[in-house]
Amino acid sequence: MPDNAHFYQPKDGHQLEHDPFNSIIAPRPIGWISSKSLSGQVNLAPYSFFNAFNYHPPIIGFSSIGYKDSVKNAADTGEFCWSLVTRSLAESMNQTSAAVGSDEFELANLVKGQSKIIDVPHVAQSPVVMECKTSQVIQLQSASGEDCQTWLVMGEVVGVHISKIALKEGVYDTAAMEPVMRGGGPSEYFSVSELQKFQLFRPK
């Protein structure tokens, strides 16, 4: 690393206009998570800390800063859904990030899709949906063992819906679905296109 690099210790602050952490670890897939409370209240919210963590069984997870409804519902009922955010759904996704007491599906003019395995609706307009059974809810800790007010929710994928338009000769076409990902700063997002694709094959 060159001597003129900007170095900081997070505990002392970054000394920049905006925290660079989210911009560096980017772009990140968006965890558009739907869940249902024990009383039947449906919740839909996007999480920028989201990814896949295992093949067999398939496990995905999202991290919530604060013990929010998505965490509580996933813990209480043992279920949640993930819906893919595409470029055409980006504005709707953004609307569901608002802290409101009303139904986020109705707020963003989204249709509730009926899941097949679990009792949680998903975004019907999304071309890819994963139904999940909650496998772990973990409160994060610092290196010193201090509890963070952040919870990681992991779920085993028990059902996958893929629109046929997303499949070409049996292969899922990532670029064709134009997935939206979170960047840094207060408003940066990215999408994927065929022009950005390149291939690397693993060495044997």
Contact list, first residue from region 37-49 and farther than 16 Å from Ala99 by Cβ, second anywhere and among the small types (Gly, Ala, Ser) and surrounded by fewer than 20 Cβ atoms within 10 Å (Cβ to Cβ), beta-carbon distance below 9 Å, six or more apart or interchain, is Phe49/Ser63
Yes/no for Asn94 being of a type outside the set (Lys, Arg), assigned to a strand (DSSP E or B) and either surrounded by fewer than 14 Cβ atoms within 10 Å (Cβ to Cβ) or more than 12 Å from the chain's Cα centre (by Cα) (or both):
no
For region 84-101, pairs from a residue that is over 14 Å from Tyr47 (Cβ atoms) to a residue that is surrounded by fewer than 22 Cβ atoms within 10 Å (Cβ to Cβ) and among the small types (Gly, Ala, Ser), with Cβ under 7 Å and 6 or more apart or across chains, are Arg87/Ser191; Ser92/Ala108; Gln95/Ala108
Of the numbered conditions (1) closer than 17 Å to Pro179 by Cα; (2) aliphatic (A, V, I, L, M); (3) surrounded by 16 or more Cβ atoms within 10 Å (Cβ to Cβ), Ala124 fails exactly one; give the number of that condition.
(3)
In region 60-82, what residues are in a loop (DSSP other than H, G, I, E, B) and of a type in the set (Ser, Thr, Tyr)?
Tyr67
Suppose we keep only residues that are under 10 Å from Pro127 (Cβ atoms) and in contact with a Pro (Cβ under 8 Å, 6 or more places away or on another chain) within region 153-173. Which one would you say is surrounded by the most Cβ atoms within 10 Å (Cβ to Cβ)?
Ala166
Looking at region 190-204, which of the residues that are assigned to a loop (DSSP other than H, G, I, E, B) and aliphatic (A, V, I, L, M) is surrounded by the most Cβ atoms within 10 Å (Cβ to Cβ)?
Val192
Within region 177-189, track down each residue that is modelled with pLDDT under 95 and surrounded by 12 or more Cβ atoms within 10 Å (Cβ to Cβ).
Gly183, Gly184, Gly185, Glu188
Could you say which residue among Ala108, Ala143 is modelled with pLDDT of 95 or more, surrounded by fewer than 18 Cβ atoms within 10 Å (Cβ to Cβ) and out of contact with any strand residue (DSSP E or B) (no Cβ under 7 Å at 6 or more places or on another chain)?
Ala143
So is Gly145 assigned to a loop (DSSP other than H, G, I, E, B), touching a residue at least 40 places away in the same chain (Cβ under 8 Å), over 17 Å from Lys68 (Cβ atoms) and of a type outside the set (D, E, K, R) or not?
no
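The values are calculated or read from the model by the stated rules, or taken from the named source; none is laboratory data. Predicted, not measured: the structure shown is a model, and the values here were computed from it. For neighbour counting, all protein chains shown are included, and Cβ atoms are generated from backbone atoms with ideal geometry for every residue, glycine included.
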